[in-house]
1. Which ones in the stretch 29-74 are small (Gly, Ala, Ser), surrounded by 10 or more Cβ atoms within 10 Å (Cβ to Cβ) and modelled with pLDDT under 85?
2. Can you find, within the stretch 8-28, the residue that is modelled with the highest pLDDT among those that are of a type in the set (A, V, I, L, M, F, W, C) and surrounded by 14 or more Cβ atoms within 10 Å (Cβ to Cβ)?
3. Looking at the stretch 3-34, which of the residues that are in a loop (DSSP other than H, G, I, E, B) and hydrophobic (A, V, I, L, M, F, W, C) is farthest from Leu50 (Cα to Cα)?
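The values are calculated or read from the model by the stated rules, or taken from the named source; none is laboratory data. Everything numeric in this text was worked out from a predicted model, so none of it was measured. Here the Cβ is made from the backbone with ideal geometry for all residues, glycine too, and neighbour counts use every protein chain on show.
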Amino acid sequence: MAVLIPLDGGNGAVRSAVTDIVTVGITTVVVMVVAAMSPVNAWQQPVMRLADTMVGIAVGVACKCVPHFCFKSFGEQEGG
């Protein structure tokens, strides 16, 4: 883990993704710790983290879009 975190951070610095370096480091630690706790099913952890990320993105988009559409239609009714 002491080797992976600097490699991931260096990769982010080379790609000019400085804001993502901390997120990549935390994700690397979570995946490695969970894989160390349960080495039998370690291959499942990256897949599960991808699914977690996709669910988080979907929830974020829903939280942004639902109020937008609700207030947009509410505003049109008042103005008309």
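1. The initial filter retains those residues of the stretch 29-74 that are small (Gly, Ala, Ser), namely 35-36, 38, 42, 51, 56, 58, 60, 62, 73.
Of the ones still in play, those that are also surrounded by 10 or more Cβ atoms within 10 Å (Cβ to Cβ) are 35-36, 38, 42, 51, 56, 58, 60, 62.
The answer is Ala35, Ala36, Ser38, Ala42.
2. Val24
3. Within the stretch 3-34, the subset in a loop (DSSP other than H, G, I, E, B) is 3, 15-17.
This time we only want the ones that are hydrophobic (A, V, I, L, M, F, W, C), so: 3, 17.
Values: Val3: 22, Ala17: 19 Å.
So the residue we want is Val3.
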